[in-house]
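Data first, discussion second: the structure below is written as structure tokens.
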Amino acid sequence: MSDNKELIRPVEVQARQPYRIWLRFDDGIEGEIDLTHLAGKGVFKAWSDPSFFADVSISDGDAVCWGDSIDICPDALYMRLTGLSLEEYMPRLSRTLTDA
């Protein structure tokens, strides 16, 4: 990934049961992400209501969210979907942390 690229943003999200979402990013990458590892823990207990989980959206700040109470960083979801490491996705940040 280029150091000069802008961060990639989600453009579409759909709930898939159980605890899966389908996500498409503005670079064309799309796919399904399993969030089962979060379900039932802390704020994610709210997902036990299927209608709440189904009401997933993209916030004005580009987070994948459920109402005002739950949001997930789009960068973390992109890396999970693509299998990229932080160093591969954000090489400039990685160098900055190493040089600090």
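The values are calculated or read from the model by the stated rules, or taken from the named source; none is laboratory data. The model shown is predicted, which means the values in this text are computed figures rather than measured ones. Every residue, glycine as well, gets a Cβ built from its backbone with ideal geometry; the counts of neighbours run over all protein chains shown. Side chains are part of the model used for accessible areas, which takes the heavy atoms of the whole protein and leaves out ligands, DNA and RNA. Shrake-Rupley method; radii C 1.70, N 1.55, O 1.52, S 1.80 Å.
Solvent exposure of the chain amounts to 60 Å² per residue of accessible area, where only protein heavy atoms count and the probe is 1.4 Å. So for the chain, Kirkwood radius off the Cα pairs, Stokes-Einstein at 25 °C and 0.890 mPa s: how many µm² s⁻¹? It diffuses with D of about 170 µm²/s by this estimate.
With a cut-off of at most 13 other beta carbons within 10 Å, and DSSP calling the residue loop, which trypsin sites (Lys or Arg not before Pro) in the range 17-77 qualify? Please list them. Hits after loop and neighbour filter: 41.
Return the carbon/sulfur percentage of the accessible area of the range 8-53, one whole number, probe 1.4 Å, all protein chains in place. For the range 8-53, the apolar C and S fraction of the accessible surface comes to 54 percent.
Per residue, the chain reaches -6500 deg cm²/dmol at 222 nm when only DSSP H runs of four or more residues are counted, each adding -39500 (n - 2.57). Rounded to the nearest whole Hz, the Karplus-based 3J(HN,Hα) values (6.51 cos²θ - 1.76 cosθ + 1.60, θ = phi - 60°) of the range 35-51 follow the sequence 10, 3, 4, 9, 4, x, 10, x, 5, 6, 4, 4, 5, 5, 8, x, 5, with x at glycine and proline.
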